[in-house]
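The values are calculated or read from the model by the stated rules, or taken from the named source; none is laboratory data. Predicted model, so just to flag it, every value in this text is computed and none were measured. Cβ placement follows ideal geometry from the backbone for every residue including glycine, while neighbour counts extend to all protein chains displayed.
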Amino acid sequence: MPSVNTRVFFSKLDRAKYISHLDLSGVMQRAIKRAKLPVWYTEGFNPRLYIQFMLPLSLGQESLREAADFRLLEEIPHSEVTDRLNAALPEDIRVIETTVPVHKNTDVAAAEYEITADMDLKKFREFTEQEQILTEKKTKKGITQVDLKQHLLFVEISDRITLRLPAGNEFNINPTLVLDAFKTQTGESISHLKIMRTKILLENGKEFT
Amino acid sequence: MLYKNSEMMKKLDEFLPEIQKPARYIGGETGSVMKDKSEVDVRFAFCFPDTYEIGMSHLGMKILYGLKNKVPNYWCERVFMPLPDMEEQMRKRNIPLYALESLDPINEFDFIGFTIQYELCYTTILEMLDLGGVPVLASDRKELTPIVVGGGPCVCNAEPLCDFFDIFVIGEGEEVNLELMALMEQCKKDNSTKDEFLREAAKIEGIYVPSFYDVDYNEDGTVKTITAKNGAPKTVKKRVIRDFDKVYAPENFVVPFCDIVHNRAVVEVLRGCIRGCRFCQAGFIYRPFREKGKDTIISQTKCLCENTGYDEVSLSSLSTSDFKDIEGLLSGLTEYTSKNGINLSLPSLRIDRFSEEVFQKITDVRKSGLTFAPEAGTQRLRDVINKNITEQNVLDGVRIAFEGGYTAVKLYFMLGLPTETDDDIRGIYDLAKSVVEQFYANHDRKKGKSPSVSVSLSTFIPKPFTPFEFEPQLGEEEIKRRQKLLMDYATDRKITFSRSKYDVSLLEAVLARGDRRVGKAVYLAWKKGCVLDGWDEYFNFEKWKEAFAECGLDMGFYANRRRGYDETAPWSHMNYLVSREFFINENKKAHEGIPTQNCREKCANCGVSSQIGGEICRAIG
């Protein structure tokens, strides 16, 4: 059956930040069913509604721009897909736009985060301005040593912190790794922490679309 | 404007990321009902005294939630028991137990209602009240609100809970819940006292106000008299929905963000049971048997699947295969479900009604597991308990399953049933063994595959409002001897056994038939830290034993004693429509090994028909 690859960008805010990546897939699948969108199912013994998410978001973090792909079996105006999904989704997940995918999942290279918290921002600036920021990172292969300094692609500190970090299947740095390293190194405390992913980016710094 | 408790959300945001599966503690799911608080007159905190995953799987809660929220000025919200990591943080931070819609503490509600499905949740009820900042003893709550109300099967003997609850709802809740809320609406307008509210509530059919009854005891510890006061009725008659086809059914569910035990659409197809298995409380307290119309069920299924987006629907009842036109129903349903990629599951099938046609339907889309419940190992004992199925029924059923490609079958049995002999126990293994042989008798079986038969062995628990309410539960030594007898007799490795823990069964038996004095032990056990007793990892029997010892109560008195036909039961002021004479007669027939025909074959004169008029019962046939 001919099907059209379709990509939705959506925000995941407030209560929805507690929906795990694994559960998000079920939430989105049921929303698609409620919206009665004609979508492609995988073939085989247990047909499943096909949906793919771009970049996992940690539990507790919010995002202004997440992406998911599925395939439409009929031509439906993108604005209508957006509206029908929004009518079916929980209020804290909002589809911003429906598009035709331009980039591939593997093209994702970085992400930008906005962090607000009760913390000493001056000390954090000093922390980021060091020559080297060594910390331990857990990976599937075990614990490895990384120099965070090399991975701070962009840092801006005003009343909040903007961080750009490597993201994707190959190599990913979670903003909490940076904050934890800060806490460990300085002994500073962080409370009322809010982490919001604002952008998903390509190698060249342009937005993933 | 829809209410939003940002302040509480902020407090929760402080620590929720550190909590296991935080999605169960924040609400906001699709299908959850938000209202404008300024337009709400009566608020109901509907509590399920277990975890979110268990409570959110319960159909009764979904029915009452939808039903109450349909009234514009009533707001019903959900409350579950947090797990220890969450509770610890809440206590540390002075966050009271809150409802998932408004995030408001439950002590701000007009009603705090518990559905009581299982005896081992009693301490959890106390923990939830306490965590919500509500005094656990009814006598310590002097104001009109909150009123603590309980319902569900366990309240057929609510006596061990009387110290904690203001009122109980006896029977089906669809009508009486709204009547109670209307009464509260009026009482709040009139500035009534709690006592005034209770007196009015006691006049509603199906409402039991425990403080309006005095209980006296004989010297031997049995109940002497139960006396009603303050105008309360001598016996409280359970509520029954007369037109079951028209009863409210939810058009939508709250669809959880995370996985829960039964994450699917559920449609009730019938209520009550025609069978009358003598150990089964549900088989008697939910009488009379009533079916929904086939078209009603089909349209409710469609509606629910479309609104929730679920790809699985389960038909709910005590015995779905007793639906009169089951094949017609399944044809109608599968026409819709298979076209829409929806899996249909039928959890409560009787093996003697397990035809190839029915089998075909449930395997149409995806295969769900197969479980059958012969309950006893020999025909003699199955006659005693009135489980009217034969060995041949069992073997035919599993043959169909094996021929259909299944290799795993689960069989439920009970140990310690009245009159059980060692032969009956060996019969459990022999029956399981015959099931294995059925697999090899199928010549078309897939080569290289072997069957797996798992036998689940629970301990018989005598329950109120059954013909076995007079029976003793076997003591620890004897239960363990019988379990061992079976294990030693079993040799085939394709048959695996799981058995229930003795301590848990004993406590369940004590609480099920306990009197008001047992409430003291429940309170003490809770004070000692007992909570979530239904969970193996939290169950602490030593503390329960201490609690009973400290209030001078003997568990054996409640669990292991044969009760005389002339003894006044602690629940004798409850009228569940089935007569005591019937239970006595059935008990006698059990000991003679005489089965009783089911409601469809012949009316057994259980008493229901004469109390509610015969037309509902006549429709069964």
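Considering only the stretch B:18-33, state which residues are crowded, with 17+ Cβ neighbours inside 10 Å and not polar (S, T, N, Q). Correct list: B:I19, B:K21, B:P22, B:A23, B:R24, B:Y25, B:I26, B:G27, B:G28, B:E29, B:G31, B:V33.
Name every residue in the stretch B:605-620 that is more than 15 Å from B:S579 (Cα to Cα) and part of a helix (DSSP H, G or I), in order of residue number. If the condition is that a residue be more than 15 Å from B:S579 (Cα to Cα) and part of a helix (DSSP H, G or I), then B:E615, B:I616, B:C617, B:R618 are the ones that fit.
Conditions tested, residue by residue: (1) at negative phi; (2) touching a strand residue (DSSP E or B) at 6+ places or on another chain (Cβ under 6 Å).
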| residue | (1), (2) |
| --- | --- |
| A:T6 | yes, yes |
| A:Y18 | yes, no |
| A:P38 | yes, no |
| A:P47 | yes, yes |
| A:I51 | yes, yes |
| A:M54 | yes, yes |
| A:G60 | no, no |
| A:D83 | yes, no |
| A:R94 | yes, yes |
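The set of residues in the stretch B:1-34 that are hydrophobic (A, V, I, L, M, F, W, C), out of contact with any Cys (no Cβ under 6 Å at 6 or more places or on another chain) and touching a residue at least 24 places away in the same chain (Cβ under 8 Å) comprises B:M1, B:L2, B:M8, B:M9, B:L12, B:F15, B:I19, B:I26, B:V33, B:M34.
Filtering B:I116, B:I170, B:I147 for residues that are over 21 Å from B:V215 (Cα atoms), within 19 Å of the chain's Cα centre (by Cα) and among the aliphatic types (A, V, I, L, M) leaves a single hit, B:I116. For the stretch B:225-239, the candidate set comprises residues that are of a type in the set (D, E, K, R) and within 20 Å of B:S579 (Cα to Cα); within that set, the residue that is surrounded by the most Cβ atoms within 10 Å (Cβ to Cβ) is B:K238. Among the residues of the stretch A:3-23, those that are surrounded by fewer than 22 Cβ atoms within 10 Å (Cβ to Cβ), facing chain B (nearest Cβ under 8 Å) and touching a residue at least 24 places away in the same chain (Cβ under 8 Å) comprise A:D14, A:S20.
Any idea which residue in the stretch B:282-303 is surrounded by the most Cβ atoms within 10 Å (Cβ to Cβ), counting only those that are closer than 27 Å to B:F582 by Cα and touching an Asp or Glu at 6+ places or on another chain (Cβ under 9 Å)?
Going through the stretch B:282-303, the residues closer than 27 Å to B:F582 by Cα turn out to be B:282-291.
Still in the running and touching an Asp or Glu at 6+ places or on another chain (Cβ under 9 Å): B:286, B:289-291.
Numbers: B:Y286: 22, B:F289: 25, B:R290: 20, B:E291: 21.
That would be B:F289.
To keep it simple, each residue is scored yes or no on (1) within 14 Å of another protein chain (Cβ to nearest Cβ); (2) assigned to a helix (DSSP H, G or I); (3) of a type outside the set (D, E).
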position: B:Q20; (1), (2), (3): yes, no, yes
position: B:V33; (1), (2), (3): yes, no, yes
position: B:R43; (1), (2), (3): no, no, yes
position: B:F46; (1), (2), (3): no, no, yes
position: B:K68; (1), (2), (3): no, yes, yes
position: B:L100; (1), (2), (3): yes, no, yes
position: B:L103; (1), (2), (3): yes, no, yes
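Within the stretch A:1-37, count every residue that is over 29 Å from B:G27 (Cα atoms) and modelled with pLDDT of 90 or more. Break it down into steps so the answer makes sense when it comes.
Taking the stretch A:1-37 and keeping what is over 29 Å from B:G27 (Cα atoms), we get A:1-6.
If we keep only those that are modelled with pLDDT of 90 or more as well, we get A:5-6.
Total meeting the criteria: 2.
Being more than 8 Å from chain B (Cβ to nearest Cβ) and within 23 Å of A:A87 (Cα to Cα) is the filter here, so list the residues in the stretch A:36-48 that pass it.
Taking the stretch A:36-48 as the starting set, the residues that turn out to be more than 8 Å from chain B (Cβ to nearest Cβ) are A:37-40, A:42-45, A:48.
Selection gives A:L37, A:P38, A:V39, A:W40, A:R48.
Search the stretch B:480-505 for residues being among the aliphatic types (A, V, I, L, M) and either touching a residue at least 12 places away in the same chain (Cβ under 8 Å) or within 27 Å of B:I226 (Cβ to Cβ) (or both), and hand back the single one that is surrounded by the fewest Cβ atoms within 10 Å (Cβ to Cβ). My answer is B:L485. Of all the numbered requirements in (1) in contact with a Phe, Trp or Tyr (Cβ under 8 Å, 6 or more places away or on another chain); (2) among the charged types (D, E, K, R); (3) assigned to a helix (DSSP H, G or I), B:R78 misses one, and that requirement is (3). The single condition among (1) in contact with a Lys or Arg (Cβ under 9 Å, 6 or more places away or on another chain); (2) assigned by TED's automatic domain parsing to the domain that holds B:E108 that B:A138 does not meet is (1). Looking at B:D50, is it among the acidic types (D, E), assigned to a loop (DSSP other than H, G, I, E, B) and within 25 Å of the chain's Cα centre (by Cα)? Yes; evaluated as a whole, the condition is true for this residue.
Say whether the condition of being away from chain A (no Cβ under 14 Å), buried (at least 20 other Cβ atoms within 10 Å of the Cβ) and farther than 30 Å from A:L193 by Cα is met by at least one residue in the stretch B:79-86. No, the stretch B:79-86 contains no residue that is away from chain A (no Cβ under 14 Å), buried (at least 20 other Cβ atoms within 10 Å of the Cβ) and farther than 30 Å from A:L193 by Cα. Within the stretch B:573-594, residues that are at pLDDT 95 or above have Cβ atoms under 7 Å from residues that are part of a strand (DSSP E or B) in these pairs: B:H573/B:Y213; B:H573/B:I226; B:H573/B:V236; B:M574/B:V236; B:N575/B:V236; B:N575/B:K237, counting only partners at least 6 apart in sequence or on another chain. With a requirement of 1 or more residues that are over 30 Å from B:R199 (Cα atoms) and modelled with pLDDT of 90 or more, the strands (runs of 3 or more DSSP E) lying completely within the stretch B:231-346 that satisfy it span B:265-268, B:312-316. A search for C-beta distances below 6 Å between a residue of the stretch A:177-203 that is at positive phi and any residue that is part of a strand (DSSP E or B) and surrounded by fewer than 16 Cβ atoms within 10 Å (Cβ to Cβ), counting only pairs 6+ apart in sequence or on different chains, returns A:H192/A:D118.
This table checks each residue for (1) at pLDDT below 95; (2) more than 17 Å from B:E29 (Cβ to Cβ); (3) touching a helix residue (DSSP H, G or I) at 6+ places or on another chain (Cβ under 6 Å).
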| site | (1), (2), (3) |
| --- | --- |
| B:I54 | no, no, no |
| B:G60 | no, yes, no |
| B:G66 | no, no, no |
| B:V71 | no, yes, no |
| B:E77 | no, no, no |
| B:F80 | no, no, yes |
| B:D85 | no, yes, no |
| B:E88 | no, yes, no |
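Do you know which residues across the stretch A:41-80 are among the hydrophobic types (A, V, I, L, M, F, W, C) and under 30 Å from A:A111 (Cα atoms)?
Listed by number, the residues that qualify are A:L49, A:I51, A:F53, A:M54, A:L55, A:L57, A:L59, A:L64, A:A67, A:A68, A:F70, A:L72.
Number of residues in the stretch A:49-93 that are part of a loop (DSSP other than H, G, I, E, B), more than 9 Å from chain B (Cβ to nearest Cβ) and free of Cβ contacts under 8 Å to residues at least 12 places away in the same chain equals 1.
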